[in-house]
1. Can you give the mean number of other chain Cβ atoms that lie within 10 Å of the Cβ atoms in peptide B:142-153?
2. Ranked by Cβ crowding within 10 angstrom, fewest neighbours first, how are B:S54, B:S102 ordered?
3. What average count of beta carbons from other chains do you get within 10 Å of the Cβ of residues in B:208-217?
4. Divide the volume of the convex hull of the Cα atoms of region B:5-267 by its number of residues and quote the answer in cubic angstrom per residue.
5. What ranking do B:86-92, A:96-102 get when scored by the average of other Cβ atoms within 10 Å per residue, highest first?
6. When you look at the Cβ of every residue in A:87-96, what mean number of other chain Cβ atoms sits within 10 Å?
7. Which order do the peptides B:65-74, B:210-219 come out in when sorted by mean C-beta neighbours inside 10 angstrom, highest first?
8. In what order do A:L112, B:L141, A:L178 fall by count of nearby beta-carbon atoms within 10 Å, going from fewest to most?
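None of the figures in this text is laboratory data; all of them are computed from the coordinates on show. The structure displayed is predicted, hence computed values, not measured ones. Every residue, glycine as well, gets a Cβ built from its backbone with ideal geometry; the counts of neighbours run over all protein chains shown.
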Amino acid sequence: MSFLSAGKPVSASSSVPLMQPLDATMKKITVGSDGSMRPLIKATDMSVSHGRTAVLERINFSIQSGEIVTIVGPNGSGKSTMVRALIGAQPLSGGVIDHAKGLRIGYVPQRLQMDQALPMSVRRFFDLPTRIDASALAQVVARIQVKHLLNRQMVDLSGGQFQRVLLARALLNHPHVLILDEATQGLDQQGSAEFYQQIDTVRNEMGCAVLMVSHELHVVMSASDRVICLNGHICCEGAPDVVSSQPEYRALFGTGTLGALALYRHDHDHSHDHPGEHEHEHEHEHEHEHEHEHEHDHSHDHPGDHQHDHQHDHQPDHEERNSNSTLNVPDNLKSAHKGMPD
Amino acid sequence: MLDSFILRAALAGIAVAIAAAPIGCFVVWRRMAYFGDATAHAAILGVAMSLAFSQSVFAGTLVVSVLMAYLVSSLSSREYAMDTLLGVLAHSSLAFGLVAVSFLPGVRIDLNAYLFGDILAVDSTDLIQMWVGAVLVTALLAWRWSALLMVTLNPELAYASGLKPRREQLALTVSLAVIVALAIKVVGVLLITAMLIIPAAAARPLSHTPERMALIAVAIGVFAALSGLLTSFQLDTPTGPTIVCVAAVLFALSNLVYRTRQLLSHWV
């Protein structure tokens with residue numbers, strides 16, 4: 001793999017983790033010459049306005065390696081604008097954004113409008129803008145379960161497949177920070193739970209930082225190290241349990257002190273009572289079909305498939321999955337975060 | 001019997017087809033057909049100006065086309081849709097160009113040659129300009145190919161990959177203007193957009209990657225240029241429009257083949 005330091009042998013044996021950790025380059029870009037930690041992305045007094053309307057006002061933000069930060073906020077609160085500004089796609093009306101030198105960003109947009117006029121296979125999409133090393137590709141497509149999609153046209157993918165392909169592409173250049181802008185929009189609850197679980201696994205294996213925008217508060221609360229509550233400005237910010245007890249947060253989301261859990265439970269009940277159940281069933285069948293293809297392709301290669309299948313056999317037990325992902329937050333990352341200066 | 005003017009015409013047609021087809025793909029992908037029109041129609045203004053100041057037509061059209069291309073690529077308006085603005089610019093620049101030509105004192109020019117092309121009048125200087133321009137444009141596009149694809153697909157993904165979408169777009173804008181200046185003698189300002197988009201559109205049903213689409217578009221463009229030239233010679237028809245007619249027939253054929261194949265695959 002290209003990012004490993006020279007001389008380190010790369011073997012394809014099964015003892016190698018599916019994703020190589022980022023240690024070498026991450027250290028290079030985040031540790032200063034004096035040994036101090038530098039943030040991957042740092043925004044100082046960042047302001048954005050559309051015409052005369054101020055969308056973001058004096059935002060101060062930074063993200064360190066290995067950290068999972070989530071931005072929550074009501075519609076129109078500037079979440080997507082903030083993400084766009086952080087990747088450099090949004091002109092600022094004030095303030096500065098610093099990227100660590102050599103920073104690689106893996107970006108998964110909210111949605112990607114594919115034009116039928118542009119023929120684009122999934123395989124070709126992965127090679128944009130630079131050609132991907134074959135062994136890196138093999139690892140990522142196996143991990144994100146998109147191998148069976150490689151020869152498909154991008155426009156023919158279903159919503160869930162599309163998001164997985166976007167995630168896979170974001171991971172292919174070994175990002176130091178993975179940025180997800182409501183990446184599960186258009187997925188059902190099962191699909192988005194699986195998507196977040198994949199991100200969690202990836203983060204554990206690669207050690208990249210993750211910045212997400214989400215309206216799915218239960219996911220946010222269980223998986224983040226830090227939550228930023230945004231409404232044009234930063235209302236409050238901190239560890240999930242701290243933020244959910246803040247009056248500013250409660251004013252925006254109107255949940256009780258139990259915050260995330262209460263809201264999550266509500267969501268859960270709601271979907272089961274909902275008459276639109278057949279829609280869900282359809283989606284499951286759909287996914288099953290692809291799973292089947294996938295298994296057919298290379299089930300013997302990757303024992304990890306079994307685990308995935310297992311989840312399908314048990315119909316969505318979100319409670320279990322939710323607590324799983326809480327447990328999955330690695331201790332080393334949490335402690336690493338504590339050791340960093342703010 | 002290959003007369004030298006036929007040979008020159010063939011070489012000119014090939015140069016324009018090769019350079020126009022890949023740019024044409026981007027015009028199709030980015031929905032820039034009107035953009036091409038505006039740039040091409042402005043060239044007639046360039047013709048008028050170069051004749052008025054006794055400069056080379058190639059230089060005059062190149063300058064005006066670059067200016068126009070740059071102007072339309074930086075356009076944005078809240079009041080009008082983009083295609084409205086481009087339509088206004090495309091047609092008014094054509095009208096102003098035609099009026100300006102009529103003001104030229106003492107010059108009797110063959111307007112048809114500029115509107116529909118005059119490929120049989122290509123001389124060796126034109127030919128050198130065309131091939132140098134075609135090679136430069138193709139090289140620029142090949143160099144920026146992946147970056148331009150990324151920007152076309154999604155500007156935010158491009159930003160996240162460290163690209164500068166505006167800079168990439170500028171490469172496309174300048175290339176388009178150069179193509180216009182090159183193609184004016186071959187197909188004329190009114191049909192330049194056709195040489196850009198018809199080969200690309202004909203290649204679409206036959207392609208599953210952008211590169212394949214560009215290559216097939218080049219092949220279709222070259223074939224249309226050569227057979228259009230020969231056909232016009234045989235039938236004594238205007239060459240530029242004949243080339244475009246052949247390209248249009250190829251477009252219909254490629255779609256016919258594609259749909260037939262689709263129908264068959266449903267049946268079998």
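1. Other-chain Cβ atoms within 10 Å of each residue's Cβ, averaged: 3.
2. Fewest to most other Cβ atoms nearby, the residues stand as B:S54, B:S102.
3. The per-residue average across the peptide is 3.
4. Spelled out: Cα convex hull of region B:5-267, divided by residues, is 137 Å³.
5. B:86-92, A:96-102
6. On the way: counts 7, 6, 8, 2, 0, 0, 0, 0, 0, 0.
That average works out to 2.
7. Ranking, from highest mean packing down: B:210-219, B:65-74.
8. A:L112, B:L141, A:L178
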